[in-house]
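Structure, as structure tokens:
The values are calculated or read from the model by the stated rules, or taken from the named source; none is laboratory data. The structure displayed is predicted, hence computed values, not measured ones. Don't worry about glycine lacking a Cβ; one is built from the backbone with ideal geometry, like all the others, and counts go over all protein chains shown. Accessible surface is based on the protein model in full, side chains and every heavy atom, while ligands, DNA and RNA are left aside. Shrake-Rupley method; radii C 1.70, N 1.55, O 1.52, S 1.80 Å.
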Amino acid sequence: MSNIVDPLVERIAVRVRTERERRGWTLNGLAEASGVSRAMIHRIERGESSPTAVVLGKLSAAFRLSVSSLLALAEGEPQGPDGAGAVRRHDEASEWRDPDTGYRRRQITGPRFPVETAEIHLPAGARVSYPAASFAFARQVVWVLDGRLTFHEGATVHDLGAGDTVELGEPAPCTFANDGEAECRYVVIRAQADRP
């Protein structure tokens, strides 16, 4: 199924354009700040191209947002102005799929909840990398639920199995890699921090 017709992709397009315009940036300005080409940003904002996880990471970093925040803002509020009391049914939840790797991400918490939580399914053989700026002003925990995850945090490599957790340190480029033969399912929990 094409990701282009997915309503979440349409909402991501609107959110990227909104975040860019809120900052008074041109397409060239966002391209310079993120390292993503102007042409790619233009296609994403028009809903003509589905961004990959890596591209979302770069755009989020330029906005000083996490990927979770960007996706949660794109999804909007589940019910009511503060989302309180809203039930998010699994079958009704929006799930974003990376068109390059098949990586799937589902937001667990809404944009107003003080801690961001996302469930990720990383297919066998897939790798997703994010720049250090994606982890600035945040404290983050990765919790593996099923399978194995090789997590590269700068020069440090963590080999994680089901039930294992790792708290991220100072911002560093990170790569989530599934070198195994089965899908890896993990949760990312992120809280804002006062300093990078």
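Per atom type, the chain shows carbon and sulfur on 50% of its accessible surface, probed at 1.4 Å. Ranked by solvent-accessible area (1.4 Å probe, protein heavy atoms only, all chains present), the residues Asp159, Asp98 order from largest to smallest as Asp159, Asp98.
Convex hull over the alpha-carbon atoms of the stretch 127-196: what's its volume per residue in Å³? Before the final figure, lay out each step's value.
On the way: hull volume 4.9 nm³, N = 70.
About 70 Å³ per residue, rounded to a whole number.
Can you give me the accessible area per residue for the chain, using a 1.4 Å probe, in Å²? Write out the running numbers ahead of the final one.
Numbers: 9760 Å² over 196 residues.
In whole numbers, the chain has 50 Å² accessible per residue.
Counting only other residues whose beta carbon sits under 10 Å from that of Phe135, what net charge do I get with K and R as +1, D and E as -1? Once all neighbours under 10 Å are counted, the net charge is 0.
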